[in-house]
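In what follows, a structure is listed as structure tokens, so that the remarks can point back to it.
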Amino acid sequence: MKKEVLEKFSEVFGGTDGAKVYFAPGRVNLIGEHTDYNGGHVFPCALTIGTYGAARKREDKLLRFYSMNFEELGVLESSIEGLKPEKEADWTNYPKGVIWAFQEKGYAVDCGMDLLLFGNIPNGSGLSSSASVEVLTGHILRDFYGFDISNQDLALIGQYSENKFNGVNCGIMDQFAIAMGKEDHAIFLDTADLSYQYAPVKLEGAKIVIGCTNKKRGLGDSKYNERRSECETALAELQKVVDIKSLGELSEEQFEEYKSAIQDEVRVRRAKHAVYENQRTVKAVEALNNNDIALFGKLMNASHVSLSKDYEVTGAELDTMVEAAWKQEGVIGSRMTGAGFGGCTVSIVEEDKVDNFIQEVRKEYKEKIGYAADFYVVDIGDGPVTL
Ligand code: GLA
């Protein structure tokens, strides 16, 4: 891939003198969905697919961007000064947001750059193509300027840029999973204090299969912010009767004891999901550490039911795909992954049943939804690297 992106870089920007090639992964979350902005646990891992970037520092103030995934947009330009989000800037709002965030945080990023990207994560699919671009941009800036910042800082800067520049109130999971990725390990992260542990993912003859619904998120971002504020309101109501800082502090029993403080049935279900999903995540990691993959799979399935019925972030496409998955032989667990409202599912499937699984789920999805789904058998990879 290095060769291909350098060739294209040379064609688009003229020569490759001073250019280097970098990579940042995408991520999939195994369990712990919509818990990261509720002070709960998540359990994501970085993938071996992601975003490749060829980049070169410039001496002037010009930023030039080109994506091999959106060639029709051509070269998009901007100045390094006075950065602000613009509709016409399209995907370049992600790298621009990160450059802006570095500047906001006092890092002297004052030269332009030429940046060419190629991503092999399906865009808008819920595998965090945008967080991958954010962490990649941070990694490139660190390399250009020699800033003494950790991968965890790259995650925080990426999240800051997404929240403040691109207006999506996301939690820390995606950027953290990408920046801190470790081959063959998932990250058990407590979003309340960012403490984390790597857990080896030993699936003993099973594979991680991603199913992409090809339903674009559309209204997803505004619904995402809506769920977040429903949880914030529920938390404020609970705080009148119990001393907690986040929903993640409650056990299932405590939630049942105090839930009558929440004044609206919908908000009770939202908060219930946040509390129960957090506890499920803790149990799932314990199950994995005990080599109890069957229990891990059951908890994944329960996570999907909760996201569908209580949190209501699935929709016909994700539900159809997961329900089709549950029926197949050799499926250990299957659920939606990421924000929801379209995007992807993650399934753990016995290796010798994977082909049949893909064939059957593909068929049922096409029959019921009317258009095709895509499938990827993925491996767990490392965080950002210079190639
Ligand atoms: C998106 C956000 C994450 C997280 C998930 C849901 O991917 O970026 O911070 O909230 O949705 O778990």
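The values are calculated or read from the model by the stated rules, or taken from the named source; none is laboratory data. Predicted, not measured: the structure shown is a model, and the values here were computed from it. Neighbour counts run over all protein chains shown; Cβ positions are idealised from the backbone, glycine included. Side chains included, ligands, DNA and RNA excluded: accessible areas come from the protein's heavy atoms. Shrake-Rupley method; radii C 1.70, N 1.55, O 1.52, S 1.80 Å.
Worth a mention:
- In the stretch 116-125, residue modelled with the lowest pLDDT [restricted to those that are in contact with a helix residue (DSSP H, G or I) (Cβ under 6 Å, 6 or more places away or on another chain) and open to solvent by less than 20 Å² (accessible area, probe 1.4 Å)]: Ile121
- In the condition set (1) over 30 Å from Ser347 (Cβ atoms); (2) open to solvent by less than 10 Å² (accessible area, probe 1.4 Å); (3) within 22 Å of the chain's Cα centre (by Cα), Glu232 is compliant with all but (2).
- For the stretch 187-209, the set of residues classified as crowded, with 18+ Cβ neighbours inside 10 Å and within 14 Å of the ligand (Cβ to nearest atom) consists of Ile187, Leu189, Thr191, listed by residue number.
- Search result, residues across the stretch 157-196 that are under 23 Å from Gly97 (Cα atoms) and among the basic types (Lys, Arg): Lys164
- Of all residues in the stretch 1-22, exactly one satisfies the criterion of being surrounded by fewer than 22 Cβ atoms within 10 Å (Cβ to Cβ) and of a type in the set (Phe, Trp, Tyr), namely Phe13.
- Residue in the stretch 67-115 that is most open to solvent (accessible area, probe 1.4 Å), counting only those that are in contact (Cβ under 8 Å) with a residue 24 or more places away in the chain and of a type in the set (Asp, Glu): Glu104
- Sole residue being touching a residue at least 24 places away in the same chain (Cβ under 8 Å) and within 16 Å of the ligand (Cβ to nearest atom), chosen from Arg58, Arg64, Arg27: Arg27
- Residue match in the stretch 316-334 (condition: more than 24 Å from the chain's Cα centre (by Cα), of a type in the set (Asp, Glu) and not assigned by TED's automatic domain parsing to the domain that holds Ile49): yes
For (1) more than 16 Å from the chain's Cα centre (by Cα); (2) open to solvent by 40 Å² or more (accessible area, probe 1.4 Å); (3) near the ligand (Cβ under 10 Å from one of its atoms), each residue gets a yes or a no:
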site	(1), (2), (3)
Leu127	no, no, yes
Val135	no, no, no
Ile149	yes, no, no
Phe165	yes, no, no
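- Test: residue in the stretch 230-241 that is outside the structural domain of His41 (by TED's automatic domain parsing) and touching an Asp or Glu at 6+ places or on another chain (Cβ under 6 Å): no
- Of the criteria (1) aliphatic (A, V, I, L, M); (2) out of contact with any Lys or Arg (no Cβ under 7 Å at 6 or more places or on another chain); (3) within 29 Å of Asn163 (Cα to Cα); (4) away from the ligand (no atom under 14 Å from the Cβ), which one Val268 fails: (2)
- Of the residues making up the stretch 235-254, those that are surrounded by 12 or more Cβ atoms within 10 Å (Cβ to Cβ) and closer than 19 Å to Asp190 by Cα number 9.
- Residue check, Glu232 more than 22 Å from Met336 (Cα to Cα) and more than 16 Å from the ligand (Cβ to nearest atom): no
- Boolean, Asn291 is farther than 18 Å from His34 by Cβ and open to solvent by 10 Å² or more (accessible area, probe 1.4 Å): yes
- Selection within the stretch 151-163: residues that are polar (S, T, N, Q) and within 11 Å of the ligand (Cβ to nearest atom). The member of this set that is surrounded by the fewest Cβ atoms within 10 Å (Cβ to Cβ) is Asn163.
- If you go through the stretch 308-326 and pick out every residue that is open to solvent by less than 10 Å² (accessible area, probe 1.4 Å) and under 16 Å from Ile348 (Cβ atoms), you end up with 4.
- Near pairs, Cβ below 6 angstrom, 6+ apart or cross-chain, from the stretch 238-262 (within 17 Å of Gln279 (Cα to Cα)) to any residue that is open to solvent by 60 Å² or more (accessible area, probe 1.4 Å) and modelled with pLDDT of 95 or more: Gly248/Ala192; Tyr258/Val241
- Residues of the stretch 23-59 classified as of a type in the set (D, E, K, R) and open to solvent by less than 20 Å² (accessible area, probe 1.4 Å), total: 2
- Sole residue being over 30 Å from Ile332 (Cβ atoms) and among the basic types (Lys, Arg), chosen from Lys216, Lys240: Lys240
- Screening Lys363 against (1) free of Cβ contacts under 8 Å to residues at least 60 places away in the same chain; (2) within 24 Å of the chain's Cα centre (by Cα) leaves a single unmet condition, (2).
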